[in-house]
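Engineer: Quick one: the structure is below, questions incoming.
The values are calculated or read from the model by the stated rules, or taken from the named source; none is laboratory data. A quick note: this is a predicted structure, and the numbers were derived from the prediction, not measured. Cβ placement follows ideal geometry from the backbone for every residue including glycine, while neighbour counts extend to all protein chains displayed. Accessible surface is based on the protein model in full, side chains and every heavy atom, while ligands, DNA and RNA are left aside. Shrake-Rupley method; radii C 1.70, N 1.55, O 1.52, S 1.80 Å.
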Protein chains: 2
Amino acid sequence: MNVPTLNQLIRVLQQVPYLASKNVYKVAHHFLNMNDEQLAYFCQLLLRAKENVIPCSICFAWQERETSCTWCTSSKRDQSLVCVVESWQDLLAIEKTEGYKGLYHVLGGVVCPLEGIGPEELTIEPLIQRVSSYPSIKEVIIALSQTAEGEATATYIARQLVSLDIKVTALAQGMPVGSSLEGSDRLTVYRAISDRRVL
Amino acid sequence: MNVPTLNQLIRVLQQVPYLASKNVYKVAHHFLNMNDEQLAYFCQLLLRAKENVIPCSICFAWQERETSCTWCTSSKRDQSLVCVVESWQDLLAIEKTEGYKGLYHVLGGVVCPLEGIGPEELTIEPLIQRVSSYPSIKEVIIALSQTAEGEATATYIARQLVSLDIKVTALAQGMPVGSSLEGSDRLTVYRAISDRRVL
């Protein structure tokens, strides 16, 4: 197809998760069919989001620049509990259960040597610092994917925390093995966070 | 969630086809995780595509501004055949079969009174004009979705063309009923275009 600008757009869209090769043409078509104002608004919003949405310096969830973090500064949340999740999306999956009222810590992934992700790529060190400097934290719930990498990361974090005299728990094994948190149904996630077990 | 810019971004992304509500958070996360250059490039590319990619004035497929249409001006394509498709994506589905070497005409949809899409919203009138003014065109293949609306649109177009003494054909009924062209496998599309029937 001899439409270079369109080919370039398709190539960039292919890097966006969940746009499989068949859907990518429909998405490109959608953008080309927008009117100029809509597309300018979309781009403006992307750039503004990139500028204004930053990770919280304590929990690493996305927050609006110049405002305080929704989770860390809420007086309604239990300051003694910290739930460690892989990503912001996993945090939202737990929030949807309405069964958890503690704080969060977004890890940024799991340790995966094959993909070159070591502990230093994640926010494990800031988590240890956080637990040491806030004596209000009594329990750390490790809510990672039920995969080999997730389990290994959970064990790694638990070992780091053991010297701090803190209760470390993990999601109940009610989660189907091999599943991701984000893709699970509400009730399964709710059960898993209610039945958390001591590591 | 008290991150207004992020909420706005989610709302705009939800309008993009194939980004179901669960995926939309992953996509937002993807954009926020891009570095500044990557995101600027993405936005620049979208705006440039919008500016430079226009519908061909003859066949209405996307083409690069200032260059000639890939399909209409190719000397390798059979100028006596015009295949009428709903969208650019359907055109690409036919190209992928490598079993068709004629020209195209992109309709922009099918007639659907319930959604307020009448014949005047589509490029039916330009198609009739095109067939009248190019005596080289001997056959029009109507390759629309095998749905009630697609069939009705095919019949409407066939009636308009009947006075022009032209052969009007449609895709073979080998296509599964209720399916869309874009979603079909290569071989089914190939059989359907080979076995086209006279209307």
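Engineer: Could you list log10 I(q)/I(0) for chain B at q = 0.14 Å⁻¹, which the Debye formula gives when each Cα is one point scatterer?
Structural biologist: Log10 of I(q)/I(0), two decimals: -0.90.
Engineer: With contacts defined as alpha carbon pairs under 8 Å and 6 or more residues apart, what's the relative contact order of chain B in percent?
Structural biologist: Working: 256 pairs, mean separation 31.9, N = 199.
Relative contact order of chain B: 16 percent.
Engineer: Here is a further query. How many nanometers, to one decimal and shortest first, lie between the label point of A:S163 and those of its other copies, if labels sit 7 Å from Cα toward Cβ?
Structural biologist: Output for A:S163: 9.1 nm, nearest copy listed first.
Engineer: Helix-only estimate, please: 222 nm mean residue ellipticity of the protein assembly as shown, summing -39500 (n - 2.57) across DSSP H runs of length 4 or more and dividing by its residues, to the nearest 500. Don't jump to the answer; show the numbers that get you there.
Structural biologist: Values: 14 runs with 166 residues, N = 398.
Rounded to the nearest 500, it is -13000 deg cm²/dmol.
Engineer: Working only with C-alpha atoms, what are the Rg and Dmax values of region A:24-79, expressed in angstrom?
Structural biologist: Calculated on Cα positions, Rg and Dmax stand at 16.9, 48 Å.
Engineer: Once you mark the trypsin sites (Lys or Arg not before Pro) that are in a DSSP loop and have at most 12 other Cβ atoms within 10 Å, what is the longest gap between them in chain A? Numbers along the way, then the final one.
Structural biologist: Numbers: sites that count: A:R65, A:K76, A:K101.
Excluding the exposed sites themselves, the longest stretch runs over A:102-199.
Engineer: Nearest 10 degrees, 0 to 90: what angle lies between the long axis of helix B:36-52 and the longest principal axis of chain B (Cα atoms)?
Structural biologist: So the inclination is approximately 30 degrees.
Engineer: Another one. In percent, how large is the relative contact order of region A:87-144, given Cα pairs closer than 8 Å and 6 or more residues apart? It would help to have the intermediate numbers written out before the result.
Structural biologist: Details: 26 pairs, mean separation 14.2, N = 58.
Here the relative contact order equals 24 percent.
Engineer: In nm, what does the list of distances from A:K101 to its counterparts in the other copies look like, shortest first, when each label sits 7 Å along Cα to Cβ?
Structural biologist: For A:K101, the inter-copy label distances come out at 7.4 nm.
Engineer: Can you give the extra length, in nm with one decimal, that the chain gains between B:K138 and B:Y18 once fully stretched, where that is 0.36 nm per residue apart less the Cα-Cα distance? Write out the running numbers ahead of the final one.
Structural biologist: Numbers: separation 120, 0.36 × 120 = 43.20 nm, distance 3.82 nm.
Length difference between fully extended and current span is 39.4 nm.
Engineer: What residues does region A:23-43 have that are buried by at least 40 Å² of accessible area in the full protein assembly compared to the chain on its own, 1.4 angstrom probe?
Structural biologist: A:N23, A:Y25, A:K26, A:H29, A:H30, A:L32, A:L39, A:F42, A:C43
Engineer: Suppose R0 equals 35 Å; then what is the FRET efficiency for B:R65 and A:D185 from their Cβ-Cβ distance, rounded to the nearest 0.05?
Structural biologist: Values: r = 48 Å, r/R0 = 1.37.
Computed FRET efficiency for B:R65 and A:D185: 0.15.
Engineer: How far apart, in nanometres, would the label points at B:V162 and A:T155 be if each is projected 7 angstrom from Cα along the Cα-to-Cβ direction?
Structural biologist: Taking the two extended label points, one gets 7.7 nm.
Engineer: Quick one: helix B:4-13 against the long Cα principal axis of chain B, what's the angle to the nearest 10°, folded into 0 to 90?
Structural biologist: The angle comes out at about 10 degrees.
Engineer: Same structure again: For the pairs B:K22/B:K50; A:K22/B:K26; A:K96/B:K26, note any where the Cα-Cα span goes beyond 24 Å.
Structural biologist: On the way: B:K22/B:K50 28 Å; A:K22/B:K26 19 Å; A:K96/B:K26 16 Å.
Among B:K22/B:K50; A:K22/B:K26; A:K96/B:K26, the Cα-Cα distance tops 24 Å for B:K22/B:K50.
Engineer: Report the charge-dipole magnitude of region B:55-104 in Debye, nearest 20, computed about the Cα centre from +1 at each Lys and Arg Cβ and -1 at each Asp and Glu Cβ. Write down the numbers at each step before the final one.
Structural biologist: On the way: 5 positive and 7 negative charges, 30 e Å.
In debye, rounded to 20, region B:55-104 gives about 140.
Engineer: Restrict the search to region B:66-128; then list the GluC sites (Glu not before Pro) that DSSP places in a loop and that have at most 16 other Cβ atoms within 10 Å of their Cβ.
Structural biologist: Working: sites: B:E66, B:E86, B:E95, B:E98, B:E115, B:E120, B:E121; in loops: B:E66, B:E86, B:E98.
Filter output for region B:66-128: B:E66, B:E98.
Engineer: Taking a cut-off of 16 Å between Cα atoms, list the aspartates and glutamates near B:K101, but don't count ones fewer than 8 places away on the same chain.
Structural biologist: Result set, ordered by chain and number: B:D78, B:D90, B:E139, B:D195.
Engineer: Under unit Cβ charges (Lys, Arg +1; Asp, Glu -1), what dipole magnitude, rounded to 20 debye, does the protein assembly as shown have relative to its Cα centre?
Structural biologist: Details: 36 positive and 42 negative charges, 79 e Å.
For the protein assembly as shown, the charge dipole is close to 380 debye.
Engineer: Using a Debye calculation, one point per C-alpha and no hydration shell, please list log10 I(q)/I(0) for region A:43-130 at q = 0.14, 0.23 Å⁻¹ in order.
Structural biologist: Here log10 of I(q) over I(0) equals -0.55, -1.19.
Engineer: Using a 1.4 Å probe on the protein chains only, how many percent of the accessible area of the protein assembly as shown belongs to carbon and sulfur? It would help to have the intermediate numbers written out before the result.
Structural biologist: On the way: 9910 of 19220 Å².
About 52 percent, which is the carbon plus sulfur part of the accessible surface.
Engineer: Another question, then. Expressed as a rounded percentage, what relative contact order does region B:35-112 have, with Cα pairs under 8 Å and six or more residues apart? Display every interim value, and only then the final one.
Structural biologist: Details: 84 pairs, mean separation 21.3, N = 78.
It rounds to 27 percent for region B:35-112.
Engineer: Quick one: label points 7 angstrom along Cα→Cβ at A:N33, distances to the other copies in nm, smallest first?
Structural biologist: 3.0
Engineer: Here is a follow-up. Determine the total buried accessible area between chain B and chain A, counting protein heavy atoms only with a 1.4 Å probe; round to the nearest 100 Å². If you can, show how the numbers build up before the last one.
Structural biologist: Working: alone 12360 and 12380 Å², together 19220 Å².
The summed interface area works out to 5500 Å².
Engineer: Follow-up. Counting only Cβ atoms, what residue of chain A lies nearest to the axis that sends chain A onto chain B, and how many whole Å off?
Structural biologist: Axis-proximal residue of A, distance in whole Å: A:C43, 2.
Engineer: Now for a separate question. Using the alpha-carbon atoms, what tilt in degrees (0 to 90, nearest 10) does helix B:21-33 show relative to the longest principal axis of chain B?
Structural biologist: Once rounded, one gets 60 degrees.
Engineer: Determine the dipole magnitude for region B:59-199: charges of +1 sit on the beta-carbon of Lys and Arg, -1 on that of Asp and Glu, nothing else is charged, the reference point is the Cα centre, and the result goes in debye to the nearest 20. Walk me through the intermediate numbers first.
Structural biologist: Working: 13 positive and 18 negative charges, 120 e Å.
Value, rounded to 20: 580 debye.
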